[in-house]
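Only one structure is covered here, and it is reproduced in the block below.
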Amino acid sequence: FTLLLPCVDLKLFICQSCGFPRYMQEITRLSSEVEEKLDSASKHLSSG
């Protein structure tokens with residue numbers, strides 16, 4: 001049973017490392033969208 005645990009952990013790690021780049025891409029995309037919205041909002045406020 002204890003021998004199985006490292007295998008499970010490794011499988012989990014491999015899965016996470018495979019999904020990680022896409023996950024980071026999503027976060028980067030979302031944060032840049034939010035930044036754009038905040039930027040346009042602040043411009044709108046300062047001009048008005």
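Brief remarks on what is shown
- For region 33-45, 3J(HN,Hα) computed residue by residue from phi via the Karplus equation (6.51, -1.76, 1.60; θ = phi - 60°) reads 5, 4, 4, 4, 5, 5, 4, 5, 5, 5, 5, 4, 5 Hz, glycine and proline entered as x.
- Around residue 33: net Lys/Arg minus Asp/Glu count, Cβ-Cβ under 12 Å: -2
- A simple count of charges around residue 42, restricted to other residues whose Cβ falls under 14 Å of its Cβ and scoring Lys, Arg +1 and Asp, Glu -1, yields -1.
Bear in mind these aren't lab numbers, they're just calculated from the coordinates by the rules spelled out. A quick note: this is a predicted structure, and the numbers were derived from the prediction, not measured. Neighbour counts run over all protein chains shown; Cβ positions are idealised from the backbone, glycine included.
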